[in-house]
Amino acid sequence: MVSKKDVLSKPVATIEVGKKSISRLLEEMSQTGFQGKKLGEVASIWADMAKQKDLTVFIGLTGSLSTTGQWKIIRWLVEKRYVDVIVSTGANISEDILEALGYHYYQGTWLADDEELLRLKVDRFYDVYADEMQYRKLENTIYRFANTLKDGQTYSTREFLHGFGRFLSEKRIDSIVAAAYRAGVPVYSPGLIDSGYGVALSLLKRDKGKLIRLDQTKDMEELAQIADRSKRTGVVYLGGGVPKDTIQLSTIIKSLAQGGEEETPHEYAIQITADSPQWGGLSGCTLEEAISWGKISSRAKKATLYADITLALPIVAHALNESADKRSYPPDLGWVFKL
């Protein structure tokens, strides 16, 4: 039987204001409560993942992060190999290209007159604006790359985005997929056409009759192979949605392919989401719920932070930067690009 002494064994830390590093502040916050505690735990677990050998770290990206000044953080995480595999919405790995081309997103207001913005050809992402004509330049960049591909060819999204990363690198357009190409980090996008990619590929078909096919079954098979050939896996979920469950399912496929007798769940798991669990959707569901599916280990080091990603990610990234210049033992996934 648990005693009262056992229950009251960890005093809450009281944070005192002083000159201290971000990582030190987060360490103190991890000993407090509520979401401040979770923010500290997320930073601590990610730093722990970065020190592990034989661990493949997947990251799932949703939301409109690239329009809010976050994409260079993702690029930095790739360059320093704090992540090994990216699974993203199409938006996050296309909208960064606008700034990589030398254009800008602009601070606006969510109380805007949207009819007036339409007349001005200004697109709105809550309180962020984009020039529609500049947005078309990023779509045209995708179009120009796709036009170099063979008509009727079928690609996994990883193959397509790896080629696009090479194309952008050669043109010195330093985006997330360009950094991933250079770092040997595979990028998958199970909903790629739900973005500027879909616009570009559709226009290419209309203009020139060129059809580029994307094979999502091949995506899942490749991701399952990565899980299968990894001794251990960890996950970072920024938001939820399709990228999150795509990563989750990679462990299920691995387990079923091995006969389904033994689960192969992720051993580390952190997520930052603004969605709530009680509605039953995947984006807000707890990591504990994933244990029932065999997706997350019951012994995993894990933490869920319910917060806006734009608040948490810059703080956590800066703490990682203080703890190590780069990842200690990133796995070599060069074999993936030969599939």
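Values in this text are rule-based calculations from the coordinates and carry no lab data. Since we're looking at a predicted model, the values are computed, not measured. All Cβ positions, even for glycine, are placed from backbone atoms using ideal geometry, and neighbour counts span all protein chains on display.
For a footprinting-style exposure proxy, rank Leu211, Leu238, Leu149 by other Cβ within 10 Å, fewest first. Please report the intermediate quantities before stating the final value.
Numbers: Leu211 12, Leu238 24, Leu149 17.
So the ranking, lowest neighbour count to highest, is Leu211, Leu149, Leu238.
Would you please state the base-10 log of I(q)/I(0) at q = 0.07, 0.11, 0.12 1/Å for region 46-338, with intensities from the Debye formula using one equal scatterer on every alpha carbon? Per q value, in the given order, log10 I(q)/I(0) is -0.26, -0.65, -0.78. Counting only alpha carbon atoms, the long axis of helix 132-146 and the longest principal axis of the chain meet at about 80°. Once region 149-218 is represented by equal point scatterers at the alpha-carbon sites, with solvent omitted, what log10 I(q)/I(0) does the Debye formula produce at q = 0.17, 0.18, 0.22 Å⁻¹? Debye curve over Cα of region 149-218, log10 I(q)/I(0) at q = 0.17, 0.18, 0.22 Å⁻¹: -0.64, -0.71, -1.02.
Reducing region 290-328 and region 121-161 to their Cα centroids gives an inter-centroid distance of 30 Å. The packing ranking of peptides 195-207, 58-70, highest mean first, is 58-70, 195-207, where packing means the average number of other beta carbon atoms within 10 angstrom of each residue. If only the Cβ of Lys and Arg carry +1 and only the Cβ of Asp and Glu carry -1, the dipole of the chain around its Cα centre is close to 920 debye. The angle separating the long axis of helix 216-229 from the principal Cα axis of greatest extent in the chain is about 40 degrees. When both region 219-259 and region 18-60 are represented by their alpha-carbon centers, they are found 23 Å apart. Kirkwood-type hydrodynamic radius, region 1-111: 17.4 Å, calculated from all non-identical alpha-carbon pairs.
Taking the Cα atoms only, what angle lies between the long axis of helix 309-323 and the longest principal axis of the chain, rounded to 10 degrees? Approximately 70 degrees, to the nearest 10.
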